[in-house]
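Peer 1: Please find one structure pasted underneath; my questions will follow.
Read-outs throughout are calculated quantities, based only on the coordinates presented, and are distinct from any laboratory measurement. For clarity, every value in this text was computed on a predicted model and none was experimentally measured. Positions of Cβ are backbone-derived with ideal geometry, glycine not excepted, and every protein chain shown enters the neighbour counts.
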Amino acid sequence: MQSSEPIKSRTNPLVQRLRRLKQRAEAGSELILLEGPKLVLEALASGVSVLEAVASPRAQASAAGRAALLALSAAGREPRALDAGLFDSLSEVDTSQGLLALARRPVFSLEAVFAPPPALVLVAVEVQNPGNLGALLRTAEAAGASGALLTAGCADAFSWKALRGSMGSALRLPHVRGLALEAALALLRERGLLAMAASADAALRHDEADLTGPCALLVGSEGAGLPEAALAGADCRVRIPMAGRVESLNVGIAAGVLLFEAARQRRVAVRPRDPLVRQT
């Protein structure tokens with residue numbers, strides 16, 4: 001660390017910058033707050049510009065913490081030492097891992113979101129819970145989606161809770177936020193994507209739909225689901241068949257089922273036929 005004497009004053013300019021970013025809505029700022037060695041390492045590996053970092057002695061207690069400190073030093077962002085009690089006042093968790101960093105908010109292009117071949121785009125419509133939104137981006141990346149469109153009313157994908165839910169996927173998966181629903185649907189049409197809306201009362205099962213071509217999967221918020229405008233604007237609706245008296249799934253689970261079905265179909269479509277493997 002740059003200083004052997006830790007920062008102890010709440011009026012220190014760096015501490016005040018960190019506190020302001022923690023307390024205000026992050027969506028209007030070009031800066032984001034990264035907490036914990038994993039997110040810091042993910043940011044550095046993803047090419048995110050880390051500007052400043054602070055660490056308490058707890059950062060040295062884990063292998064991940066030590067690795068993050070070394071990576072920050074190698075990037076020319078030597079963390080400043082921060083008093084443990086002062087650090088805990090800035091942390092979002094009960095037991096911090098001793099590392100905080102300020103970074104520039106990543107900006108993704110629409111070209112990256114729709115990158116072929118063939119594009120698979122998740123469209124999150126008014127998903128307001130940041131943890132759920134983060135989990136959606138994590139699932140989309142895991143399933144091989146090209147990117148995501150987040151309509152107006154969605155949580156900020158770079159808020160602390162969303163970043164934690166995405167486990168770093170928000171730093172990598174191309175996504176564009178703040179689009180009006182009509183603009184998002186128009187983009188899908190312009191780019192030649194089939195827009196599929198998840199709906200419990202749809203006639204078409206999700207595993208009967210052809211998800212091998214360029215397509216977008218629309219999912220809505222936890223309570224309300226997709227608004228009528230999204231259902232009406234979609235090219236088709238698909239449902240996930242469920243047993244028992246269950247009426248709906250958590251939005252993250254539903255998106256996972258749809259995205260991984262698309263991934264399965266795409267693997268089968270390009271896989272050479274093996275006489276020992278049953279084709280499904």
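Peer 1: When the scattering of the chain is computed by the Debye formula from its Cα atoms alone, each counted once and equally, what is log10 I(q)/I(0) at q = 0.12, 0.13, 0.17 Å⁻¹?
Peer 2: -0.78, -0.87, -1.21
Peer 1: Normalised by the number of residues in region 184-274, what is the relative contact order in percent for Cα pairs under 8 Å and 6+ residues apart?
Peer 2: Taking the mean separation of contacting Cα pairs over the length of region 184-274, I get 35 percent.
Peer 1: What does the extension gain come out to for GLU30 and ALA183, with contour length at 0.36 nm per residue minus their alpha carbon separation? Working shown, then result.
Peer 2: Values: separation 153, 0.36 × 153 = 55.08 nm, distance 2.35 nm.
Length difference between fully extended and current span is 52.7 nm.
Peer 1: Using just the helices of the chain, give the 222 nm mean residue ellipticity in deg cm²/dmol: DSSP H runs with n ≥ 4 each add -39,500 (n - 2.57), and the total is spread over all residues, rounded to 500.
Peer 2: -10500 deg cm²/dmol
Peer 1: Looking at the chain as a GNM with Cα springs under 10 Å, which of GLY76, GLY36, GLY244 has the largest mean-square fluctuation?
Peer 2: Greatest mean-square fluctuation among the candidates belongs to GLY244.
Peer 1: Where the Cα atoms of region 110-270 are projected onto their three principal axes, how long is each span, largest first, in whole Å?
Peer 2: That gives 37, 37, 28 Å along the principal axes, largest extent first.
Peer 1: Tell me the label-point distance for the pair ALA263, ASP235, using the 7 Å Cα-to-Cβ offset, in nm and rounded to one decimal.
Peer 2: Here the modelled spin labels are 2.3 nm apart.
Peer 1: Note down the relative contact order for region 16-101 as a percent, whole number, built from C-alpha pairs under 8 angstrom at least six residues apart.
Peer 2: 39 percent
Peer 1: With all distinct Cα pairs included, what does the Kirkwood hydrodynamic radius of region 13-104 come out to in Å, to one decimal, could you say? Intermediate values should be presented prior to the final figure.
Peer 2: Details: mean 1/r = 0.0773 Å⁻¹.
Computed over region 13-104, the radius equals 12.9 Å.
Peer 1: Could I ask something else about it? Looking only at ARG177, ARG239, ARG267, which one moves most when the chain is put into a Gaussian network model with springs between Cα atoms under 10 Å?
Peer 2: ARG267
Peer 1: Another question, if that's okay. Would you work out the relative contact order for the chain, in percent, from Cα pairs under 8 angstrom that are 6 or more residues apart?
Peer 2: It rounds to 17 percent for the chain.
Peer 1: Among 150-159, 47-56, how do they line up by average Cβ neighbours within 10 Å per residue, starting with the highest? Intermediate values should be presented prior to the final figure.
Peer 2: Numbers: 150-159: 21.9, 47-56: 19.3.
In descending order of packing, they fall as 150-159, 47-56.
Peer 1: Where in the chain are the DSSP H helices whose C-alpha atoms run 20 Å or more along the long axis and whose mean Kyte hydropathy is at least -1.0?
Peer 2: Those that pass (Cα extent of 20 Å or more, hydropathy at least -1.0) are 251-270.
Peer 1: Arranged from highest to lowest average of other beta-carbon atoms within 10 Å per residue, in what order do the peptides 225-232, 37-44 appear?
Peer 2: 37-44, 225-232
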